[in-house]
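Asker: Structure in structure tokens, see below.
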Amino acid sequence: STHEHKDHCDEISATWILEQGGIFIGPKSSCERANSWGKFRDRIVEVDGSEFQNTNFGDVIVHSAPNDDPSALGSNSYVVSFDGINILHNGDSLYNSEMNRELADRFKIDIAIINLGQNPPGRTWYHSPSDVVRAAIDLGPKILVPHHFDKWDIALEDPEKVESVARLSSP
């Protein structure tokens, strides 16, 4: 769970994963929510959110990293490493070039899952298409997957705009 908002910390999804033998990893705010469900307290792993931490689950390593989501009580990004592949999920964090470059220095990012959304007037909740492209340039993934662009009516965004911006940004 990158943060405590229901779309990133859903009881039904998390419980199903825990019932299959998985673990729940999240910042304090997400873990408090998960503990309120009253199940699987022994498989809820709290990660700080202000520093890099690792959690091993079999052959999978979940690296938590700080991120910048001002609308959450606590938040993390994650790099999931398995079989030589590193997958970054940035939750709902905002564009942060310094953190992206630090992630790229620490991990060879193969797949970057970056939030995308049209920010309502006066709000900054998600990456714009330009922010997604800037993040991809910072991170250098082989594969870029925008997410969240179709989650909320108020923030709908066309993911094809990312491709258009990327073409304009290519040398």
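The values are calculated or read from the model by the stated rules, or taken from the named source; none is laboratory data. All figures in this text were calculated on a predicted structure; none of them were measured in a lab. Because the Cβ atoms are built from the backbone with ideal geometry, glycine has one as well, and the counts that use them run over all protein chains shown. Heads up: the accessible areas ignore ligands, DNA and RNA and are worked out on the full protein's heavy atoms, side chains in. Shrake-Rupley method; radii C 1.70, N 1.55, O 1.52, S 1.80 Å.
Asker: Could you check the range 134-164 and list, in sequence order, the residues that are farther than 20 Å from S93 by Cα and either open to solvent by less than 70 Å² (accessible area, probe 1.4 Å) or touching a residue at least 40 places away in the same chain (Cβ under 8 Å) (or both)?
Answerer: Listed by number, the list holds a single entry, S164.
Asker: I've got another one for you. Would you mind stating whether I87 is within 8 Å of the chain's Cα centre (by Cα), open to solvent by 20 Å² or more (accessible area, probe 1.4 Å) and without any contact (Cβ under 8 Å) to a residue 40 or more places away in the chain?
Answerer: Judged against the criteria, I87 is not a match.
Asker: Are any residues in the range 75-117 part of a loop (DSSP other than H, G, I, E, B), at pLDDT 95 or above and charged (D, E, K, R), and if so, which ones?
Answerer: D83, K108, D110
Asker: For the range 137-165, which residues satisfy the criterion of being part of a helix (DSSP H, G or I) and touching a helix residue (DSSP H, G or I) at 6+ places or on another chain (Cβ under 8 Å)?
Answerer: Passing the criteria: I137, D138, L139, K161, V162, S164, V165.
Asker: Return the residues of the range 36-50 that are of a type in the set (D, E) and open to solvent by 90 Å² or more (accessible area, probe 1.4 Å); say none if nothing qualifies. Before you say what the answer is, go through the steps one by one.
Answerer: At the first step, the residues of the range 36-50 found to be of a type in the set (D, E) are 42, 46, 48.
Passing the criteria: D42, E46.
Asker: Would you mind stating whether F40 is touching a helix residue (DSSP H, G or I) at 6+ places or on another chain (Cβ under 9 Å) and at positive phi?
Answerer: yes
Asker: Select from the range 97-133 the residues that are surrounded by fewer than 18 Cβ atoms within 10 Å (Cβ to Cβ) and under 15 Å from S169 (Cβ atoms) and write down the one among them that is farthest from the chain's Cα centre (by Cα).
Answerer: Filtering the range 97-133 for residues that are surrounded by fewer than 18 Cβ atoms within 10 Å (Cβ to Cβ) and under 15 Å from S169 (Cβ atoms), the one farthest from the chain's Cα centre (by Cα) comes out as S130.
Asker: In this structure, does R33 turn out to be touching a strand residue (DSSP E or B) at 6+ places or on another chain (Cβ under 9 Å), under 16 Å from C9 (Cα atoms) and open to solvent by 60 Å² or more (accessible area, probe 1.4 Å)?
Answerer: yes
Asker: Read through the list (1) farther than 21 Å from K161 by Cα; (2) under 15 Å from the mean Cα position of the chain (by Cα), then give the number of the only condition that L94 fails.
Answerer: Answer for L94: the failing condition is (1).
Asker: Regarding the range 35-47, can at least one residue be identified that is within 24 Å of Y126 (Cβ to Cβ) and under 15 Å from the mean Cα position of the chain (by Cα)? Spell out the reasoning first.
Answerer: Here is the first cut: in the range 35-47, the ones within 24 Å of Y126 (Cβ to Cβ) are 47.
Okay, now just the ones that are also under 15 Å from the mean Cα position of the chain (by Cα), so 47.
For the range 35-47, residues within 24 Å of Y126 (Cβ to Cβ) and under 15 Å from the mean Cα position of the chain (by Cα): present.
Asker: Going through the range 7-59 one residue at a time, which ones are among the aromatic types (F, W, Y) and either in a strand (DSSP E or B) or closer than 22 Å to F82 by Cα (or both)?
Answerer: We begin by selecting, within the range 7-59, every residue among the aromatic types (F, W, Y); these are 16, 24, 37, 40, 52, 57.
Listed by number, the residues that qualify are W16, F24, F52, F57.
Asker: Separate question: I need the full set of residues from the range 3-28 which are of a type in the set (G, A, S), open to solvent by less than 20 Å² (accessible area, probe 1.4 Å) and under 22 Å from H148 (Cα atoms), in order please.
Answerer: A14, G26
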